[in-house]
1. Can you give me the number of residues within the range 14-45 that are within 18 Å of W187 (Cβ to Cβ) and either over 17 Å from the mean Cα position of the chain (by Cα) or surrounded by fewer than 17 Cβ atoms within 10 Å (Cβ to Cβ) (or both)?
2. Please determine, by comparing only the residues of the range 104-117 that are in contact with a strand residue (DSSP E or B) (Cβ under 9 Å, 6 or more places away or on another chain) and of a type outside the set (D, E, K, R), which one is surrounded by the most Cβ atoms within 10 Å (Cβ to Cβ).
3. Can you tell me which residues in the range 114-165 are free of Cβ contacts under 8 Å to residues at least 60 places away in the same chain, under 18 Å from the mean Cα position of the chain (by Cα) and at positive phi?
4. Please go through the range 260-299 and pick out each residue that is modelled with pLDDT of 95 or more, small (G, A, S) and more than 30 Å from E249 (Cα to Cα).
5. Do we find that D68 is acidic (D, E), out of contact with any helix residue (DSSP H, G or I) (no Cβ under 9 Å at 6 or more places or on another chain) and surrounded by fewer than 16 Cβ atoms within 10 Å (Cβ to Cβ) in this structure?
6. Name every residue in the range 81-118 that is modelled with pLDDT of 95 or more, outside any helix (DSSP H, G or I) and within 27 Å of F183 (Cβ to Cβ), in order of residue number.
7. Among T204, T216, which is the only one that is modelled with pLDDT of 95 or more, on the phi < 0 side of the Ramachandran plot and in contact with a Lys or Arg (Cβ under 6 Å, 6 or more places away or on another chain)?
8. Going through the range 166-197 one residue at a time, which ones are under 19 Å from the mean Cα position of the chain (by Cα), surrounded by fewer than 23 Cβ atoms within 10 Å (Cβ to Cβ) and over 15 Å from T284 (Cα atoms)?
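The values are calculated or read from the model by the stated rules, or taken from the named source; none is laboratory data. These figures come from a predicted structure and were not determined experimentally. All Cβ positions, even for glycine, are placed from backbone atoms using ideal geometry, and neighbour counts span all protein chains on display.
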Amino acid sequence: MARQHVLILGGTGFVGRHLAARLLGDGHRVTVLSRGGDAGRRAQLPRGASVIEGDVADGQFLRAVLDDADAVVNLTGILNERGDDGDGFRQVFVGLTETLIQAMRDMRVRRLLQMSALHATDGASHYLMARGEADKRVRASQLDWTIFRPSVIAGPGDGLFCRFDGLLKLAPVLPIGRADAKFQPVWVGDVADAFARALVDDKTIGQVYDLVGPDTMSLAEIVRFTARARRRTRFVIPLPPGLGKLQAEVGEHLPGKPISRDNWRSLQLDSTSADNGLPKLGLTPTPVLPKLPEILGIARDA
């Protein structure tokens, strides 16, 4: 396997840290591009990963760092935006992707691995629509691209089980809108493996892979599994659509947006797929529930 120099945009994030470790383990050279300002997240990167600080939305900066790169992984993303008009999502997903594609063309770097989301372009969510628009730009780029569309990603420090774990510390009762929404959480290690395998397999060029776990569970079940792992007694109250929408409206204006209007729109689509790309890449999907002690940082002998 040829050693490559891989640039990772969004590499200090949850998936990026796991992917950087995976690629370094395969013998690749890894450079993480970071906006700077978060020393804690940079400190979690594996030893051996280089970090270059700069504005990843600046074409001139990208052209400079692409000078000796063999491939680019674009993991840049946000889950919420300021306001609720889609501009923040379009700026991060569509605008940055367009700038990256042009910089790669200018520097004759052809290989691009793009993170997207399951059901991108479907439904009314600004997030999903912007993801889908970015995918269209990648497909039309004439680069050697591969697109990955995961369901919610599970792992230590994730925004799923760990997020609910934090809420359940204080709330004996948790009201939830769209409690019956379905998910197939995918293990973060499987996602990193999928990217790593595609990087060295030319047959994945021009392909789109849905990445999902082997088990389907509702939002209410995810909350209950999280509470059970902590041996907590917690109750989930499924909200009717009207109250669920009102909950999102209130959450829109709370610090950190625990739930937003756009989250509510996204929840109207089940995050599941019958076309799992993991087996196509030679990977066996990892069940997430046995991983809950690791995800939540619970000692197994506790």
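1. First, pick out the residues of the range 14-45 that are within 18 Å of W187 (Cβ to Cβ): 14-23, 25.
Narrowing the set further to residues that are either over 17 Å from the mean Cα position of the chain (by Cα) or surrounded by fewer than 17 Cβ atoms within 10 Å (Cβ to Cβ) (or both) leaves 23, 25.
Summing the residues that are within 18 Å of W187 (Cβ to Cβ) and either over 17 Å from the mean Cα position of the chain (by Cα) or surrounded by fewer than 17 Cβ atoms within 10 Å (Cβ to Cβ) (or both) in the range 14-45 gives 2.
2. Step one: filter the range 104-117 for residues in contact with a strand residue (DSSP E or B) (Cβ under 9 Å, 6 or more places away or on another chain), giving 104, 109-117.
Subsequent filtering for residues that are of a type outside the set (D, E, K, R) retains 104, 109, 112-117.
Numbers: M104: 25, V109: 23, L112: 21, L113: 24, Q114: 28, M115: 26, S116: 25, A117: 24.
The extreme case among them is Q114.
3. Within the range 114-165, T121 is the sole residue that qualifies.
4. Matches in the range 260-299: A274, G277, G282.
5. Working: acidic (D, E): yes; out of contact with any helix residue (DSSP H, G or I) (no Cβ under 9 Å at 6 or more places or on another chain): yes; surrounded by fewer than 16 Cβ atoms within 10 Å (Cβ to Cβ): yes.
Yes, satisfied.
6. Listed by number, the residues that qualify are L113, Q114, M115, S116, A117, L118.
7. Values: T204 fails: in contact with a Lys or Arg (Cβ under 6 Å, 6 or more places away or on another chain).
Being modelled with pLDDT of 95 or more, on the phi < 0 side of the Ramachandran plot and in contact with a Lys or Arg (Cβ under 6 Å, 6 or more places away or on another chain) holds for just one of T204, T216, which is T216.
8. If the condition is that a residue be under 19 Å from the mean Cα position of the chain (by Cα), surrounded by fewer than 23 Cβ atoms within 10 Å (Cβ to Cβ) and over 15 Å from T284 (Cα atoms), then A181, K182 are the ones that fit.
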